Amino acid sequence: MFNNKFFSNGESSSHVRLLRLFIFFSILAISSQNVHAQRRIPDDSKGLIAHDPVMIKQDSLYYLFLTHGGIAKSTDMENWTRIEPAPRNLEWVTDDIVPDYRGGFWAPDIQYYNGLYYLYYSPSAFGKNTSAIGVMTSKTLHQDSPDYKWEDHGMIVQSIPGRDFWNAIDANVIFSKENSGETVGWLSFGSFWGGLKLVKLAPDMKSLAEPQEWYGVAQQERTFGRPDTNGGNGAIEAPFIYHRDGYYYLFASTDYCCRGLESTYKTIVGRAEDVRGPYLDRNETPMYAGGGELIVGETDQYVAVGHCSVYDFDGKTYFVAHGYDKEDEGKSKLVIKEIHWDADGWPSLVY
């Protein structure tokens with residue numbers, strides 16, 4: 001209650017109203033600052049700040065999904081507008097799954113299947129395989145639609161230190177046709193440890209198929225003698241599988257991200273006639289044995305380019321990734337380039 005004994009009746013009510021308005025707008029300003037701080041809206045004036053980008057098109061709009069839940073939209077894949085992020089409060093993530101979890105997720109993947117948009121994501125802790133992959137769905141990506149709402153279906157798979165020699169992050173889903181004509185979803189994922197894994201999904205695309213069907217599809221050499229709880233130096237992550245002309249192409253990132261101008265990320269690729277592999281490079285070296293054809297590493301503009309996704313739009317194939325900008329303190333920027341295919345069906349980029 002306000003104490004009005006120092007004012008006459010008219011003065012009292014007037015001053016009280018002014019005081020209340022002052023307090024209201026002060027609280028509003030502080031709240032706005034807090035919301036802005038929580039969302040950590042980056043400065044995109046020198047190019048869209050992006051990490052682990054994936055993209056999809058609905059109607060005439062391209063939508064970009066990023067690590068930490070960011071979403072941006074565009075009509076031309078060049079000019080992007082940030083919009084309301086995806087839900088970051090994942091109630092199913094307990095301390096038993098990710099100790100000291102503080103919200104948010106890494107490395108999303110966006111897919112459209114049977115009338116729903118599926119957003120796969122990974123809550124994790126840096127440098128540890130206390131990780132999980134979950135999925136949420138929405139009927140639309142248009143945020144002005146009454147049907148726009150993400151429903152979180154929780155965890156699909158979890159990695160536990162000491163039990164699992166793999167890391168449940170960097171999810172990507174590819175659909176394949178079985179001999180029976182059935183469409184099957186496959187979840188690829190992984191970072192360091194024993195490399196990249198592939199597991200069959202159930203028809204709901206929200207759980208693993210039973211009996212479970214697993215494959216190791218790519219790995220880099222790892223120094224012997226490190227404990228299982230240590231990711232080691234077998235630096236490979238971020239699988240993305242793309243289908244073209246009878247081949248499944250497995251794109252992946254080797255070496256190190258997230259170090260600004262000291263980043264050494266590279267993007268490699270191999271291909272297979274079966275989604276299960278083996279994925280081979282031009283020399284027919286399997287990616288599970290350290291093989292992989294180099295697509296891009298350092299360029300004139302970027303010290304490193306990686307964590308890619310690949311899409312077909314309007315008769316062209318696009319490479320979508322992030323690169324560490326030499327001219328902007330190594331900040332992670334959105335990279336979109338058209339992929340060119342040679343006579344033997346191998347992809348390349350022109351920088």
(request) Return the total of residues in the stretch 104-114 being open to solvent by 20 Å² or more (accessible area, probe 1.4 Å) and assigned to a loop (DSSP other than H, G, I, E, B). (result) 1
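Would you tally the residues in the stretch 322-349 being under 30 Å from Asp43 (Cα atoms) and either aliphatic (A, V, I, L, M) or part of a strand (DSSP E or B) (or both)? So that I can check it myself, show each step before the final result.
Keep residues of the stretch 322-349 that are under 30 Å from Asp43 (Cα atoms), which gives 322-339, 349.
Imposing the further condition that a residue be either aliphatic (A, V, I, L, M) or part of a strand (DSSP E or B) (or both) reduces the set to 322-325, 332-339, 349.
Number satisfying all stated conditions: 13.
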(message) Checking Met205 against (1) in a loop (DSSP other than H, G, I, E, B); (2) open to solvent by less than 10 Å² (accessible area, probe 1.4 Å); (3) free of Cβ contacts under 8 Å to residues at least 60 places away in the same chain; (4) farther than 21 Å from Tyr288 by Cα, only one condition comes out false. Which one?
(response) (3)
(message) Tell me whether the stretch 115-131 contains one or more residues that are part of a strand (DSSP E or B) and under 23 Å from Tyr302 (Cα atoms).
(response) no
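Could you grab me the full set of residues in the stretch 259-282 that are open to solvent by less than 30 Å² (accessible area, probe 1.4 Å), closer than 23 Å to Ser176 by Cα and not in a loop (DSSP other than H, G, I, E, B)?
Those that are open to solvent by less than 30 Å² (accessible area, probe 1.4 Å), closer than 23 Å to Ser176 by Cα and not in a loop (DSSP other than H, G, I, E, B): Ile268, Val269, Gly270, Ala272.
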(message) Pairs please, first residue from the stretch 251-263 and at positive phi, second anywhere and at pLDDT 95 or above, Cβ atoms under 6 Å, 6+ apart in sequence or on different chains.
(response) Asp255/Ala235; Asp255/Thr264; Asp255/Tyr265; Asp255/Lys266; Gly260/Gly330
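Conditions (1) touching a residue at least 24 places away in the same chain (Cβ under 8 Å); (2) charged (D, E, K, R), marked per residue:
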site	(1), (2)
Leu280	no, no
Tyr318	yes, no
Lys326	yes, yes
Lys331	yes, yes
(message) Any residue at all in the stretch 52-62 that's open to solvent by 30 Å² or more (accessible area, probe 1.4 Å), in contact with a Pro (Cβ under 9 Å, 6 or more places away or on another chain), closer than 14 Å to Ser332 by Cα and at pLDDT 95 or above?
(response) no
(request) Take Thr285 and decide whether it is open to solvent by 10 Å² or more (accessible area, probe 1.4 Å), over 23 Å from Ala50 (Cα atoms), out of contact with any Lys or Arg (no Cβ under 8 Å at 6 or more places or on another chain) and hydroxyl-bearing (Ser, Thr, Tyr). (result) yes
(message) Of everything in the stretch 291-312, what is of a type outside the set (A, V, I, L, M, F, W, C) and open to solvent by less than 40 Å² (accessible area, probe 1.4 Å)? Give them in sequence order.
(response) Gly291, Gly292, Gly297, Thr299, Tyr302, Gly306, His307, Ser309, Tyr311
(message) So, in the stretch 120-143, exactly how many residues are among the aliphatic types (A, V, I, L, M) and open to solvent by 10 Å² or more (accessible area, probe 1.4 Å)?
(response) 1
(request) Could you tell me whether Val303 is part of a strand (DSSP E or B), hydrophobic (A, V, I, L, M, F, W, C) and closer than 20 Å to Gly246 by Cβ? (result) no
(message) Quick check on the stretch 164-179: of everything there that is open to solvent by 40 Å² or more (accessible area, probe 1.4 Å) and outside any loop (DSSP other than H, G, I, E, B), which residue is farthest from Gly195 (Cα to Cα)?
(response) Lys177
(request) Look at the stretch 154-163 and say how many of its residues are open to solvent by less than 60 Å² (accessible area, probe 1.4 Å), at pLDDT 95 or above and of a type outside the set (Val, Ile, Thr). (result) 3
(request) Go through (1) under 15 Å from the mean Cα position of the chain (by Cα); (2) part of a loop (DSSP other than H, G, I, E, B) and name the single condition Tyr101 misses. (result) (1)
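The values are calculated or read from the model by the stated rules, or taken from the named source; none is laboratory data. Everything numeric in this text was worked out from a predicted model, so none of it was measured. Positions of Cβ are backbone-derived with ideal geometry, glycine not excepted, and every protein chain shown enters the neighbour counts. Calculation scope for accessible area: heavy atoms of the full protein, side chains included, ligands and nucleic acids excluded. Shrake-Rupley method; radii C 1.70, N 1.55, O 1.52, S 1.80 Å.
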